[in-house]
Amino acid sequence: MVAQVVLNNKEQNIDKVFDYAVPEGLSGRVSVGVRVSVPFGWGNRRVEGIVVSISEASEYKNLKEIAAVIGNVPVCDPEILELCLWVSRKYFCSLYQAIKLATPPGMSSGVREKSVKTATLKLGREAAFGIAGVLRDKGAVAQAKILEALLMCETLPFAKLVREKGGTYDAIRALEKKGYITIETEQIERTVYDEKKYEKTVAYKPTPEQKTVIEHLEKVIEEEKKEKILLRGVTGSGKTEVFLQAIEKVIEKGKNAIMLVPEISLTPQMVQRFVSRFGNKVAVIHSALSNGERFDQWNKIRNGEVKVVVGARSAIFAPFGNIGIIILDEEHENSYKSETSPRYHAIDVAEKRAELENCVLLLASATPSVSEYYRAKTGEYTLFEMTKRYNEGKMPEVDIVDMRGELFGKKNMSPISEKLQCEIQKNLEIGQKTILFLNRRGYSTFVSCRECGEVVNCPDCSIAMTYHKGKDLLSCHYCGYTQRNVTECPSCGSSYVKYFGTGTQKIEEELLRIFPSARVLRMDTDTTSQKGGHERILEEFSKGGADILLGTQMVTKGLDFHDVTLVGVLAADTSLAVDDFRANERGFSLFTQVCGRAGRGDIAGRAVIQTYQPQNSTIQLARNHDYTAFYENEIIQRKRLNYPPFCDIIYIMATGENEDEVKTVAEEMGKRFDSLMRKDKNIFSKVGPAPAPIAKIKNSYRYRILLKCKDANAAHGFLREIYEEHEKGRSGVFLTIDINPVSMY
C-alpha cells in the first residue's frame, strides 16, 4: 500500500505530493486525512504531512516508509480535502496551506484534548479512616490528609488535593501503589458559552415579509434542492429569525447548518440567539477563543455532537457533512476576505461547498455588496427583500450636520456638534442610551512638528504613528511597533510638537468634559484586546452600566439594544476619503448599519451624521435608508469606469527587504503582462509596477501591479505559471497574487 502525502515543508514547490510506502505495522492506521511523520530529503529529517490519497502501487521505486501516524483519527475528511484542493488552485497557495484551514487549530503546536487526573477512594470509609490515623502516627501527614479529603468526597482532582487539601503528588502516587486509591484521567471540555445563562426561545409568528422567505427556504430544504439566495432586509427587519427558522427545518431533516457572521458581528448577543434556540447543539468558532477552546469546538463538530456551527470566516471549513444550509449574514463585510495566504473569500468557498454538499446557500445583508446584488438582479441568485422592521417601527430619522458651520459659523471647536450635544443631553435626561461611531481608534491620528512639519512615522513602515494618551505611547496600527511619546521633534529638536486628528480616546475625553456625569464605555481594539473584553463591555452596557457606548466599527454590527434611541456618526468623511473604488459602498453600508442600531424597540430612533460634505450623495442616500437608489447610482458608475462586477481586478504584490530586488521582480512581471496583453485581450488595463501606497510595512518594501480583466478565470493558467516559476526561484522576494482584493494598499 502506498500513501500520497502533502508535506508541511515551505521549501517545496506548490502542490507537491510525495509517495510513501505504508509499513505493515501501520497499515490499519493510515487512511486519507491522517497526520503522519515521514523521512524527507538526503538527511531523512522528520517532516509532518497529511495523507491525501492511497493507492496500491507507485510509479516510483525504492519508496521511503511512513515513520509514524500522529493522532488517532483523520484530521481532514475526503470531502473537505476536495474543497481544500479547489482552494489551493483558485487562490495560489500550497495544498498544505489550504488543508490547514480545515484542520484543528494549534495542530502543529501540539494542542490536544484537555484532561485532568483524579484520585478515587478504593477503600471503605471505616478502613480509610483507620489507615489515615496510622499514616499520621507514622509521619505520612500528606498521605493522611489525602485520605481524609477523599472520605468527604470520594473523587477529587489532583490539583485540588495538592493546592487545597495539603497533599503532594508523591503522596498520591504512594497511596495508589499501596492500593488505597485509584487514579484516572478525565477529559475536560473547554466551554465557550454557558448555556444556563440563556433563556430558551421558540420560533415566533413571522411577519408577512419573513413568512415569504421562510416558506421558500423550507420548501427548497424539504426538497433537498441546491439554490443560491440573496436576502436584503433593512436593519431590524428580523433576518436572524429567518435564519433560525430555516435552521430548525434543516435539523428536522436530520441535517447540519453552517452560520457565518463577520468577526466584528460575532457578539455575545448573536451567540445568545442561537444557543437560546438550539441549546448545546451549537458550536462557536471565532478568533477570540484560545487554541484549546477552538480545538474542543472542532472536536465537537467532527464527532457529530452539534448540529449548528456559528462562526467567523474560517467556520466555512467546519469538519462535518450532511449540510442542509450555509448562511452568510452581513455578506458585504470585508472580513469575509482573508488578507493573508490563502487569500480566499468566504462567499466563494461557501458557493463551492454548497455545490459539493448540494445544499442551500443564503447570503443576507441590509446593504448587500454591489457585486452580489448585481448577481441577484441578473438572475444568478434568487432575490428576496424585507423593507419593513419586524415591529412595524419606523427607520430612524437622520439629521446631517455641516461641520464647516460648526467651526466657522458657531466657532465650536469640539469634534461633537452642538446638535449632537443637544441630542445626547436629551437622552441623558430621559434615561435613554446613545451609541457613537468613529472610524478611528487612539487619541490622535498623527503627531507632527509645527516648526519643520516632520510627522512621526513608524521606523519599519511608511505610515504615521497614532498617539494613545492613556499610556502616553505612539503605536503603528500596521505592524504593532510601539514607542514612548515624543516631546521634541526627532528631526529638528523643536518642542513645538502637536497632536492632529481625533480618535476614540479623544472623543471619550471630550464626552466626559461636556457631560461630566455621563457614564461612557469605549469599545475599540485597545479596550477589547483582553479575553472577554468585548463581552464585558456589551454586558455592562446592556445592564445599564453606561449611558453612552463609543466605538469603532465594532458598534455598527450585530448589536440589538431596545433602549438605544440615538446614534451619532462622527467624522463621516474619513470613511469616504479613501483611494478605493468601493469607498462609497463601504461608507453607505457603515452609515446605514450604525444608524440602524437606533429605535429597535418601541421608541422611535434618531441619528446624527457629522460631515464636512453634507451634499455628498452617499451621505444623503444613507440618510434616507435608500439602498435601491444607492445601488442604481453606483452600478452606473461601476459600468462606466469598468469596475467589478463588470470586470475582475488582479492584484500582484512583490515584497522583500531589498528594495532593488523587489523593484526588479515587479518590473519583470510587468513586462510579461505587457507581452500577454498584446496577444490576449482578456486583460485590458494595467497600472504599475510602482511602489504601493503604503510603500513599506514591517521593513518590507512593497511594489504592486493592478490588472483589470474581463474574466479572472481565463487568466488563471497564466497567473499560476508565473507564480510557480517564481516559487521555484525562491528569491528573497515574496509574490502575492490576489483576485478582487478588498484592500489595494
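Looking across ALA695, ALA654, one residue alone is of a type in the set (Gly, Ala, Ser), outside any loop (DSSP other than H, G, I, E, B), in contact (Cβ under 8 Å) with a residue 40 or more places away in the chain and under 17 Å from SER341 (Cβ atoms). It is ALA654.
Given the structure, is ARG313 in contact with a helix residue (DSSP H, G or I) (Cβ under 7 Å, 6 or more places away or on another chain) and open to solvent by 10 Å² or more (accessible area, probe 1.4 Å)? Here the answer is yes, as ARG313 does meet what is asked.
Residues in region 552-587 that are open to solvent by 10 Å² or more (accessible area, probe 1.4 Å), assigned to a loop (DSSP other than H, G, I, E, B), over 20 Å from GLU540 (Cα atoms) and not aromatic (Phe, Trp, Tyr): ALA571, ALA577, VAL578, ASP579, ASP580, ARG582. For region 609-631, a tally of residues being part of a helix (DSSP H, G or I) and free of Cβ contacts under 8 Å to residues at least 40 places away in the same chain returns 4. Residue under question is LYS686, and the condition is that it be among the charged types (D, E, K, R), at pLDDT 85 or above and within 25 Å of LYS639 (Cα to Cα); does it hold? Yes.
In the condition set (1) crowded, with 18+ Cβ neighbours inside 10 Å; (2) modelled with pLDDT of 85 or more, THR120 is compliant with all but (1).
If only one of ASP674, ASP738, ASP711, ASP660 is exposed (fewer than 13 other Cβ atoms within 10 Å of the Cβ), more than 23 Å from TYR481 (Cα to Cα) and within 30 Å of the chain's Cα centre (by Cα), which one is it? Answer to the check: ASP711. Only one entry of LEU383, LEU356, LEU363 meets the criterion of being surrounded by 23 or more Cβ atoms within 10 Å (Cβ to Cβ), aliphatic (A, V, I, L, M), within 29 Å of the chain's Cα centre (by Cα) and over 30 Å from LEU420 (Cα atoms), and that entry is LEU363.
GLU79 meets each of the listed conditions (1) out of contact with any Gly (no Cβ under 8 Å at 6 or more places or on another chain); (2) modelled with pLDDT of 85 or more apart from (1).
Taking region 526-550 as the range and being in a loop (DSSP other than H, G, I, E, B), of a type outside the set (Lys, Arg) and surrounded by fewer than 15 Cβ atoms within 10 Å (Cβ to Cβ) as the test, the residues that pass are SER529, GLN530, GLY532, GLY544, GLY545.
Checking each residue in region 423-441 for being closer than 19 Å to ASP560 by Cα and open to solvent by 50 Å² or more (accessible area, probe 1.4 Å) picks out only GLY431. Taking the conditions exactly as written (charged (D, E, K, R), buried (at least 20 other Cβ atoms within 10 Å of the Cβ) and outside any loop (DSSP other than H, G, I, E, B)), does GLU634 satisfy them or not? Yes, satisfied. Has region 645-661 got any residue that is of a type in the set (Phe, Trp, Tyr) and at pLDDT 90 or above? Taking every residue of region 645-661 in turn, at least one turns out to be of a type in the set (Phe, Trp, Tyr) and at pLDDT 90 or above.
If you go through region 588-608, how many residues are surrounded by fewer than 24 Cβ atoms within 10 Å (Cβ to Cβ) and part of a helix (DSSP H, G or I)? So the count comes out to 1. Residue check: ILE301 meets all listed conditions (1) more than 21 Å from ARG353 (Cβ to Cβ); (2) part of a helix (DSSP H, G or I) but one, namely (1). Applying the set (1) over 26 Å from the mean Cα position of the chain (by Cα); (2) part of a loop (DSSP other than H, G, I, E, B) to PRO645 leaves exactly one unmet item: (1). Scoring SER685 on the criteria (1) surrounded by fewer than 15 Cβ atoms within 10 Å (Cβ to Cβ); (2) in a loop (DSSP other than H, G, I, E, B) leaves a single failure, condition (2).
Listed by first and then second residue, the pairs with beta-carbon distance under 7 Å, at least 6 apart or on different chains, first residue in region 515-533 and at pLDDT below 85, second part of a loop (DSSP other than H, G, I, E, B), are ASP524/ARG441; ASP524/THR552; THR525/ARG441; ASP526/ARG441; LYS531/ALA288; GLY533/THR527. None of VAL6, VAL30 is surrounded by 13 or more Cβ atoms within 10 Å (Cβ to Cβ), in contact (Cβ under 8 Å) with a residue 60 or more places away in the chain and within 23 Å of ARG112 (Cβ to Cβ) except VAL6. Candidates are the residues of region 144-158 that are assigned to a helix (DSSP H, G or I) and open to solvent by less than 30 Å² (accessible area, probe 1.4 Å); the one that is farthest from VAL116 (Cα to Cα) is ALA144.
Sort out which residues of region 56-90 are open to solvent by less than 30 Å² (accessible area, probe 1.4 Å) and over 30 Å from the mean Cα position of the chain (by Cα), and write them in order of number. Those that are open to solvent by less than 30 Å² (accessible area, probe 1.4 Å) and over 30 Å from the mean Cα position of the chain (by Cα): ILE66, VAL69.
The values are calculated or read from the model by the stated rules, or taken from the named source; none is laboratory data. Since we're looking at a predicted model, the values are computed, not measured. No Cβ is skipped: glycine too gets one built from the backbone with ideal geometry, and neighbour counts run over all protein chains shown. Calculation scope for accessible area: heavy atoms of the full protein, side chains included, ligands and nucleic acids excluded. Shrake-Rupley method; radii C 1.70, N 1.55, O 1.52, S 1.80 Å.
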